[in-house]
Amino acid sequence: MKRAFAFFIVLALMAGAVFLCGCTSAPQQENTSTEQPAASAPVAGVSDKSVLNIGYQPSTHQMAFMTAYSKGWYVESLSSSGIKEVKPFNFPTGAPEMQAMLAGDLDFAYVGSAPFVTAVASGLDAKIIGAVQTQGSDLVLRTGLNYTAPADLKGLKIATFPAGTIQDTILRTWLKEQGLDDTKDVEIIAMGPGDATTAIIAGKVDAVFLPAPAPTTVKKAGAGSIIVHSGEMSPNHACCVLVASGKMIRDHPDIVQEVLAIHQKATAYNKENLDEAAGYMAAMTGMDTSVITLSLDEWDGEWVADPAIIIKSVTGFATEQQALGYIKKVVTEQDLFDTSFWAKINQ
């Protein structure tokens with residue numbers, strides 16, 4: 001009960017920071033803007049919606065969005081539906097991103113499936129329309145410490161994403177499976193990827209559990225080494241998903257279907273054009289292209305798009321979050337997924 005209460009306090013504080021400052025737009029947005037001239041007159045059958053707000057996070061997990069946005073595919077494909085501009089909003093983790101969606105500030109979100117589950121349990125009106133990626137996070141141990149088995153983590157400080165995120169859920173569940181108490185045997189510290197990376201490099205924490213490319217950044221700095229991949233903790237686990245708001249699904253199903261089609265296209269494109277995709281991510285996040293490219297060689301992640309691949313894993317997160325005390329409401333596959341759009345574009 002105490003952990004669940006603390007989790008929502010964290011969400012409230014993070015949400016307050018987001019809304020006081022406004023959603024954080026992607027770096028160098030002016031270089032990748034997809035804004036187009038307004039149509040001279042209304043066109044019959046065209047949606048009255050002209051701007052899409054899409055949330056994402058600066059990790060290799062969500063490179064499909066960064067490629068599609070950078071190449072201008074959204075406006076190119078959606079202009080006939082009345083879309084003139086797509087605005088990207090960059091969030092450090094899934095908790096504040098889902099708070100923004102709960103507030104109605106986002107139409108779509110690339111986000112970890114676990115914080116989405118938590119948000120749905122809290123009343124979010126949205127559905128997963130596509131998978132984005134599986135696995136792809138790593139436990140990194142600070143240089144100078146030894147690791148032969150999970151028991152060696154006892155007494156250490158581990159930084160990872162805040163309560164209710166994919167990384168937090170997987171790490172705590174895995175520690176329990178290894179016979180370690182996640183509240184007594186180790187100290188888990190909630191941090192975003194930037195702060196956690198800085199903390200381990202500075203020797204302030206003993207380990208981090210973060211999505212790519214952060215583990216590679218730590219390794220390249222000589223501050224730590226990867227000891228466990230997330231796929232070893234939870235084989236083939238779902239990580240990021242593409243979410244559409246309930247309003248978009250009800251009022252603009254044609255746009256939802258096209259956004260999913262663009263995501264599928266970008267996912268396939270990135271697999272064949274890794275260097276180009278890394279360049280788009282670097283431009284939007286300010287990260288080093290070489291670190292991004294190297295991380296894709298080191299991670300155990302896989303870009304995917306078919307939502308059927310992740311249904312079992314995502315619904316499993318709902319069960320795990322109940323066990324951790326993060327949610328009390330039963331959340332089902334029907335609450336979380338709308339696979340009809342995928343079926344239409346792949347019939």
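Counting Cα-Cα pairs of the range 306-346 in 5 Å increments starting at 0 gives whole-percent bin shares of 5, 23, 26, 19, 12, 8, 5, 2. With K and R counted +1 and D and E -1, the other residues having a Cβ less than 14 Å from that of A212 yield a net charge of -4. Considering only A282, T197, A223, the residue lying farthest towards the positive end of the dipole of the range 180-283 is A282, judged by Cα position with unit charges set on Cβ.
According to the calculation over all Cα-Cα pairs in the range 194-264, the P(r) per 10 Å bin from zero is 16, 31, 21, 21, 11, 0 %.
Histogrammed with a bin width of 10 Å, the alpha carbon distances of the range 168-291 distribute as 10, 29, 33, 21, 7, 0 percent, first bin at zero. What Kirkwood Rh does the range 127-181 have if only Cα atoms enter the pairwise 1/r average? Answer in Å. One decimal place: 13.2 Å for the Kirkwood radius.
The modelled label-to-label distance for the pair S290/N346, using points 7 Å beyond Cα in the direction of Cβ, is 3.8 nm. Relative to its Kirkwood radius, the Cα radius of gyration of the chain gives an Rg/Rh of 0.96. Each label point was placed 7 Å from the Cα along the Cα-to-Cβ direction; for E333 and A149 their separation is 3.8 nm.
Provide the per residue accessible area, probe 1.4 Å, for the range 150-258, rounded to a whole number of square angstrom.
On a per-residue basis, the range 150-258 sits at 37 Å².
Only protein heavy atoms count here; on that basis, with a 1.4 Å probe, W174 has an accessible area of about 20 Å². Secondary-structure-derived ellipticity at 222 nm for the chain, considering helices only, amounts to -13000 deg cm²/dmol, per-run term -39500 (n - 2.57) for DSSP H runs with n ≥ 4.
When the accessible area of the range 122-281 is computed with all protein chains present and a 1.4 Å probe, what percentage of it is carbon and sulfur? C and S fraction of accessible area: 48 percent.
Span-like helix check, the chain: qualifying full DSSP H segments, with Cα axial length of 27 Å or more and mean Kyte-Doolittle of 0.0 or more, are 2-21.
Structure note, pairs K219/K265; K49/K87; K71/K219; K84/K265: Cα-Cα distances above 22 angstrom occur for K219/K265; K71/K219.
Using all pairs of distinct alpha-carbon atoms, the Kirkwood hydrodynamic radius of the range 221-347 works out to 17.3 angstrom. GNM remark for the chain: springs join alpha carbons under 10 Å apart, and the peak mean-square fluctuation among T267, T198, T93 falls on T198.
Can you tell me how much longer the chain between A103 and L274 gets when fully stretched, taken as 0.36 nm per residue apart minus their C-alpha distance, in nm with one decimal?
My answer for the length gained is 58.1 nm.
For the range 66-179, the direction-averaged projected area of the alpha-carbon convex hull comes to 9.8 nm².
Can you give the convex hull volume per residue for the Cα atoms of the range 83-137, as a whole number of Å³? Don't jump to the answer; show the numbers that get you there.
Working: hull volume 5.7 nm³, N = 55.
So the per-residue Cα hull volume is 103 Å³.
Ordered by solvent-accessible area of protein heavy atoms (1.4 Å probe), largest first, the residues D105, D168, D185 come out as D105, D185, D168. Gain on full extension, evaluated as 0.36 nm per residue between R250 and E76 minus their Cα-Cα distance, stands at 60.4 nm.
Quarter the surface of the alpha carbon convex hull of the range 101-238 and you get the mean projected area, 8.7 square nanometres.
The values are calculated or read from the model by the stated rules, or taken from the named source; none is laboratory data. None of the values given here were measured: they were computed from a predicted structure. Heads up, the Cβs are rebuilt from the backbone with ideal geometry, glycines too, and the neighbour counts pull from every protein chain shown. Only protein heavy atoms, including side chains, enter the accessible area calculation; ligands, DNA and RNA are left aside. Shrake-Rupley method; radii C 1.70, N 1.55, O 1.52, S 1.80 Å.
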